[in-house]
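Contents: one structure, followed by commentary.
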Amino acid sequence: MGLLNKQDNPFESSNIIITGADTLLNWARLSSLWMMGFGLACCAIEMMAASASHYDIGRFGVIPRPSPRQSDIMLISGTVTLKMATRTKLLYEQMPDPKYIISMGSCSNCGGPYWEHGYHVLKGVDRVIPVDVYVPGCPPRPEALLEGLIKVQEKVRKQSLAKTAV
Amino acid sequence: MTNTEIYDKLKAAFGEKIGEWHEQSGGEYMKRMSSYADITDTSYIRDVCLYLRDEAELEFDSLLLLSSVDNGDKTLSVTYHLESKSKKHFIALKVTVPIDNAIVPSITDVWSHANWQEREAWDMMGIKFLNHPDMRRILLDEDWVGHPLRKDYKHPEFYRGMKVPY
Ligand code: SF4
């Protein structure tokens, strides 16, 4: 705004911020990680608790979106059945880059309680899509989920247009 | 009516087709809900159900539950829990079929909510219901091989390219 209002001599007042393009873009992206609004099993209940007023995931800029086309982050909140795995993969492919995945709960980390006898459960969502952050627990508490989200934000903060992410 | 009275009435109407009465031990509730009558001739199950529904004194207007069991001795069973909301009485019936020829007449035209429950029994246990209007799998995908709740079921190694075992 400072530049536009004072076109004759923009540097006359102190109303200017100088920053790196990476820092600005990363800050913008990490403060508005819109998430895909879907839940798979009991973990989704904790995800909903995290979105409700008590834990208020909205203060991190996370808004549930009903479409993968508008989402930056996907929370795999629960048991990924083989039937759902094909759909999850499709949803992941529909999300625009850059995209991040949080695997929430033992089920989507490694199969959870279904690791041995769950003929219908995918033993870890990372068998079909790449995962950025794993949140352990059955189910993880909302605090743990928020911690996972902060980890994703840290990852975004370190990314660069020029270099690939650390 | 108590369920033994209903059983006696059935026995009088169908004679040999109705097998033994299996009285469950336990409290009054267990006795009422879990005692069951065998139907020796499987092909009669629909007629028995029609009789139970239409007889003025019995008036079974609701199928509470249709469930299936693998008995482990190469036979499968289907249990019908019936309730009369108007007369407030219950009865349970059981039919047993060999595992390699598991065919039971459908009762979808007696109580239409048997539809999905029979599909579930087909999906999980592989019991075919004769004259069912829509005998497809209900939970698993159409291309699934086998019926997972059978005791001799082997978990698949791969499903649509996804590794299944842990
Ligand atoms: S990890 Fe536990 S709480 Fe979460 S979906 Fe699996 S069984 Fe449910």
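The values are calculated or read from the model by the stated rules, or taken from the named source; none is laboratory data. As the structure is a prediction and not an experimental result, all values here were calculated from the model. With ideal geometry, Cβ positions are generated from the backbone for all residues, glycine too; neighbour counts draw on all protein chains shown. All accessible areas refer to the heavy atoms of the entire protein, side chains included, with ligands and DNA or RNA removed. Shrake-Rupley method; radii C 1.70, N 1.55, O 1.52, S 1.80 Å.
Using only Cα atoms, what Kirkwood radius does the protein assembly as shown have, in angstroms?
24.3
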In square angstrom, rounded to the nearest 10, how much accessible surface does B:Y166 have for a 1.4 Å probe? 140
Interface call, segment A:77-97: threshold 30 Å², probe 1.4 Å, accessible heavy-atom surface of protein chains, chain by itself vs complex, result A:L82, A:K83, A:T86
Nearest-5 percent of antiparallel DSSP beta bridges in the protein assembly as shown? 60
Given N residues in chain A, what is Rg(Cα) / (2.2 N^0.38 Å)? 1.24
What list of whole percents do you get for P(r) of segment A:35-123, with Cα-Cα distances grouped in 10 Å bins up to the one holding the largest distance? 18, 47, 29, 6
Over 10 Å intervals from 0, what percent of Cα-Cα pairs in segment B:15-107 sits in each interval? 16, 48, 31, 5
Counting only protein heavy atoms and rolling a 1.4 Å probe, one gets per residue an accessible area for chain B in Å² of 52
Solvent exposure ordering (accessible area, 1.4 Å, most first) of A:C138, A:C43, A:C110: A:C138, A:C110, A:C43
Of chain A, which part is the longest with no trypsin sites (Lys or Arg not before Pro) in a loop (DSSP not H, G, I, E, B) and with at most 13 other C-beta atoms within 10 angstrom? A:1-157
Listing of segment A:124-138 residues, each with accessible area lower by at least 10 Å² in the full protein assembly than in the chain alone (probe 1.4 Å): A:R127, A:V128
For a quick check: with amide H placed at 1.01 Å from N, whose amide H comes under 5 Å from B:Y159's, ignoring anything fewer than 5 positions away on the same chain? B:V164
In Å², nearest 10: area of B:H22 left accessible to a 1.4 Å probe: 50
What does the average come to when, for each residue of peptide A:110-121, you count the partner chain Cβ atoms lying within 10 Å of its Cβ? 3
Considering only protein heavy atoms, with the full assembly of protein chains and a 1.4 angstrom probe, order B:Y153, B:Y80 by accessible area, largest first. B:Y153, B:Y80
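Could you rank B:E120, B:E157, B:E16 by how accessible they are, 1.4 Å probe, largest area first? Let's see the in-between values first.
Values: B:E120 85, B:E157 115, B:E16 155 Å².
Sorted by accessible area, descending: B:E16, B:E157, B:E120.
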Carbon-plus-sulfur fraction of the accessible area of segment A:114-166, 1.4 Å probe, in percent? 56
Rounded to the nearest 10 Å², what accessible area does A:V62 have for a 1.4 Å probe in the complete protein model? 10
Residues losing 50 Å² or more accessible surface upon assembly, segment B:131-166, compared with the chain by itself, 1.4 Å: B:D141, B:H155, B:M162, B:V164, B:Y166
DSSP bridge orientation in segment B:65-166 - percent antiparallel, rounded to nearest 5: 85
Going by Cα centres, segment A:67-86 and segment A:114-135 are how many Å apart? 12
Rounded to the nearest 500, what is the protein assembly as shown's calculated 222 nm mean residue ellipticity when only DSSP H runs of at least 4 contribute -39500 (n - 2.57) each, over all residues? -8500 deg cm²/dmol
Fraction of accessible area attributable to carbon and sulfur, segment B:23-166 (%, probe 1.4 Å): 53
Mean separation of Cα contacts under 8 Å (6+ apart) over length of segment B:70-166, as relative contact order %: 20
Tell me which residues come under 5 Å, amide H to amide H, from A:I101 once H is placed; ignore anything under 5 positions away on its chain. A:M74, A:D132, A:V133
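As a test of the definition: with a 1.4 Å probe, what buried accessible area, both sides summed, do you compute for B against A, in Å² to the nearest 100?
1300
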